[in-house]
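Peer 1: Have a look at this one before I ask anything.
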C-alpha cells in the first residue's frame, strides 16, 4: 500500500508538503515522527503531521521521504494539534512551534555532543550493544563528539535514531555545554506538605470572592475546561495559585505556570518548593542543554509535574495539564515578535482547551480586553486591594522650562534633608533620545534602519534601540558638517547631571541598559542602594522590573511618552508602567510620590496616581467603544519584515490587494512604516485589519497572507 506523508519543516514557511513514504519505512511513518526529505535543492529535516493512503487532490509529482529519523513519534498527537491551532491563529510556521517542543537531543542540531555513560560502557563490555549502537560506542570510547563527527567516524548514514535510543536507555549522556555531563538529580517526591501559614491565611484574605474560587476548584476536580481571571495584588494571587496547584497535583494532573520575568519565575518555583514541598522545573531559553535535556525527560515521564517559566514554558512536554496559570497577564513580554510569532496568552488558552484544563489569568493591572471578557462571563475573581503607597501628586511641567520642576526639586530636597532615599524614574536611557542639528534640522540616525540614535554622554556613544548596535558619538552633523549638535529628549544621564548640579553632596546612581547593562552591574547597583551607599537612584523601566524595594520618595518623570505611541493600548501601557513605578513608594505617612507630566488631566495618569484600576477601566472602555476599538472589534496587526524596503512594500501591497475582497466586512488600515523585531535591524511595513468578528479576520489571513512569502508577525486582539 502506498503511503503519503504530510510534512512541515522548522523554517519560516507557512505551509505543508506531501511526500511518498518508501515501503521499507512505512511501518515507522506516523504523525509526530521526524524525517528528512528533499525541499528545493536541499534535504531538510521536518515533522510528519499526517499520513494517508490517498494522495492529496490535484496533479502532483511526489518526491520520496529520504529517511525516517525516529523509531517512535517524537511528538504526541496533542502537541501536533496544539501547534497547528497556534500556527493557524497567528499564521506562523507550524514546524518552528514543533521544534520548540523537542529536547536538545532531538533538535536538528549538528553541534550537540554526547558521551558514553558508565552504564553504556558496561553494556559495551557485556556485548549488549548491537549494530549502530556498537559502532557509536566504539567511536566514542572515553571521548565526547558531536553528531556530525560521530556520523563521519562511524560511517553511518544517520546516527540520530541510535543516539536517541541510547540516551533513553542511559547509555549516552547529552553534554551540558557549560559544565560537562552531570548525573541526573533524583526528583523530589511528589507529596503534599501540610498547609503553610500563607495558605491558611488565604480563605480569610479573599473574603467574598471565596465562592468563585470554589468554582475554580470544582472545575479542576471535575477535569473540565474553564477560564477565570484573578484580579488583585501579587501576594493574594500567589496564595491562590499555590492552593490551586496543590489541588491539581493531588489529582495527578500537571501544572504549567507562565510568569513574564525570569526572576519572578525563579521566585515562584522556590515558593512552590518551600510552601508545597513539590518540585517544579524552571523552563527558559538560557538553560544549558544538558540540564534542559534531563528536565524535559522528567516532565515528559511525569517524574516532575510542574513547569514554571516565561512564554516558552508553554511548550513543555507535560501530558494533559490540569491547570495553566498566566500571571501578570497584560505584560507585553508574552508576545514574541520574531518567527515563530505568537502570543503566549492565546497559546495558553488553546492548550487549556486541548487538554481540558482550567486556565487562570491573573494581574493587578489587567488588560482591558481580558478584564472585560471575564466581567461579562462572570468568571472574574476580585481579591481585596493591598496596602499601597501614597496617592501621587501630579505636577504640570508645561508651565516650567526646566528639566525638573520646582515641586520635584523640593520633594528631593526634603527627602535628602530627612536622610531618606529616593528613586527617580524616566523611561529614556542614555543622555538624550537623539542629537539634533539646529543648522539643517537633521537628526543623527542609524545607517541600517534610520532610527534616531540614543546619545550616551557618559560613554560618548550612539546606540540604536532596534539594531542594538553601538558606535562612537559624532562631533559634527553627518548632513551639513555643523559642529553644533543639540541633545533632545532628556534621558536618565541628563537627570543625573541636573541632580548633581542641584544637590552636589548627594550620592547618585544610574540604573539603565547603558550603565547597568550586565546582570552583575545591576546587582551591584541594587546592593549599593540597599546598603545606603546611594541616596538617589535614577532609572528606567528596567529598574521597575528588577526589585521591589520601598523608599520614602518616588518621582516619575514624563510618563506620557508612552501615550504618543501608535498603539490603541497606549493608555493601558501607561497606567501599568506608572503603577509599577509608584509601587516603590513607602506606605502613606512614610512615603511620597510625584508624577511630573505635560498631560496632568489624562485619565490613565490620574487613575494611576490614585491606584484606581476600576476608574481607569471605566473611562478606557468608554473611549474604546466610541472609537470602535477592541474588545468591541477585532484587530490584527500584520508586520512584514526581514527584507529590503522595496520587497516589503511589494508584499504589503499584494496582501492588501488580496484582502480587498473582504470589504466592507473588513477595514484595512495602512500600509505604514513600523519598527521590526528588536535586534534584527531594519524597519518593517505594517497593515492593520479591523472587523466585527473573528471569523472574518481568520478567513482573510488564511486566504490572503499564506501565499505571501517572507517573515511576518501577526498581533491579534482576540
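Peer 1: For region 112-123, name all the residues that are without any contact (Cβ under 8 Å) to a residue 24 or more places away in the chain and touching a helix residue (DSSP H, G or I) at 6+ places or on another chain (Cβ under 9 Å).
Peer 2: 121
Peer 1: Can you tell me which of 203, 191 is at pLDDT below 80, assigned by TED's automatic domain parsing to the domain that holds residue 255 and surrounded by fewer than 13 Cβ atoms within 10 Å (Cβ to Cβ)?
Peer 2: Checking each option against the conditions leaves just 203.
Peer 1: A further question follows. Say we look at region 471-502 and pick out the residues that are more than 27 Å from residue 441 (Cα to Cα) and crowded, with 17+ Cβ neighbours inside 10 Å; which of these is modelled with the lowest pLDDT?
Peer 2: The selected residue is 496.
Peer 1: Could you say whether any residue in region 656-663 is under 24 Å from residue 564 (Cβ atoms), touching a helix residue (DSSP H, G or I) at 6+ places or on another chain (Cβ under 6 Å) and surrounded by 13 or more Cβ atoms within 10 Å (Cβ to Cβ)?
Peer 2: Within region 656-663, not a single residue is under 24 Å from residue 564 (Cβ atoms), touching a helix residue (DSSP H, G or I) at 6+ places or on another chain (Cβ under 6 Å) and surrounded by 13 or more Cβ atoms within 10 Å (Cβ to Cβ).
Peer 1: How many of the residues in region 532-567 are buried (at least 20 other Cβ atoms within 10 Å of the Cβ), in a loop (DSSP other than H, G, I, E, B) and under 20 Å from the mean Cα position of the chain (by Cα)?
Peer 2: 1
Peer 1: Among what's in region 39-69 and is free of Cβ contacts under 8 Å to residues at least 40 places away in the same chain and in contact with a strand residue (DSSP E or B) (Cβ under 9 Å, 6 or more places away or on another chain), pick the residue that is surrounded by the fewest Cβ atoms within 10 Å (Cβ to Cβ).
Peer 2: Ranking the qualifying residues of region 39-69, first place goes to 43.
Peer 1: Still on this structure: Name the residue that is surrounded by the fewest Cβ atoms within 10 Å (Cβ to Cβ), counting only residues in region 568-587 that are out of contact with any strand residue (DSSP E or B) (no Cβ under 7 Å at 6 or more places or on another chain) and closer than 17 Å to residue 391 by Cα.
Peer 2: So the residue we want is 587.
Peer 1: Do we find a residue being in contact (Cβ under 8 Å) with a residue 40 or more places away in the chain and either in contact with a helix residue (DSSP H, G or I) (Cβ under 8 Å, 6 or more places away or on another chain) or surrounded by 14 or more Cβ atoms within 10 Å (Cβ to Cβ) (or both) anywhere in region 138-149?
Peer 2: No - not one qualifying residue is present in region 138-149.
Peer 1: Taking the criterion of being surrounded by fewer than 23 Cβ atoms within 10 Å (Cβ to Cβ) and assigned to a strand (DSSP E or B), would at least one residue in region 311-328 satisfy it?
Peer 2: The answer is no, given that none of the residues of region 311-328 is surrounded by fewer than 23 Cβ atoms within 10 Å (Cβ to Cβ) and assigned to a strand (DSSP E or B).
Peer 1: On to the next question. Working carefully through the options 304, 257, 287, find the one that is under 27 Å from residue 384 (Cα atoms) and either touching a residue at least 40 places away in the same chain (Cβ under 8 Å) or in a loop (DSSP other than H, G, I, E, B) (or both).
Peer 2: 257
Peer 1: Moving on to the next point. Within region 596-624, count every residue that is surrounded by 21 or more Cβ atoms within 10 Å (Cβ to Cβ), free of Cβ contacts under 8 Å to residues at least 60 places away in the same chain and over 16 Å from residue 370 (Cα atoms).
Peer 2: 2
Peer 1: Related question: So if I check each of 100, 29, which one is over 28 Å from the mean Cα position of the chain (by Cα) and surrounded by 15 or more Cβ atoms within 10 Å (Cβ to Cβ)?
Peer 2: Among 100, 29, only 29 is over 28 Å from the mean Cα position of the chain (by Cα) and surrounded by 15 or more Cβ atoms within 10 Å (Cβ to Cβ).
Peer 1: Hey, another quick one. Name every residue in region 700-718 that is more than 18 Å from residue 568 (Cα to Cα) and either out of contact with any strand residue (DSSP E or B) (no Cβ under 9 Å at 6 or more places or on another chain) or crowded, with 16+ Cβ neighbours inside 10 Å (or both), in order of residue number.
Peer 2: Correct list: 700, 701, 702, 703, 704, 705, 706, 707, 708, 709, 711, 712.
Peer 1: (1) in a loop (DSSP other than H, G, I, E, B); (2) touching a strand residue (DSSP E or B) at 6+ places or on another chain (Cβ under 6 Å); (3) over 29 Å from residue 260 (Cβ atoms): which one isn't true of residue 471, the others all being true?
Peer 2: Checking residue 471 against (1) in a loop (DSSP other than H, G, I, E, B); (2) touching a strand residue (DSSP E or B) at 6+ places or on another chain (Cβ under 6 Å); (3) over 29 Å from residue 260 (Cβ atoms), the one that fails is (1).
Peer 1: Do we have residue 262 as outside the structural domain of residue 545 (by TED's automatic domain parsing), out of contact with any helix residue (DSSP H, G or I) (no Cβ under 6 Å at 6 or more places or on another chain) and touching a residue at least 24 places away in the same chain (Cβ under 8 Å) here?
Peer 2: Yes, satisfied.
The values are calculated or read from the model by the stated rules, or taken from the named source; none is laboratory data. Bear in mind that the values here come from a model prediction, so they are computed numbers and not experimental data. So basically every Cβ, Gly included, is an ideal-geometry build from the backbone, and we count neighbours across all protein chains shown.
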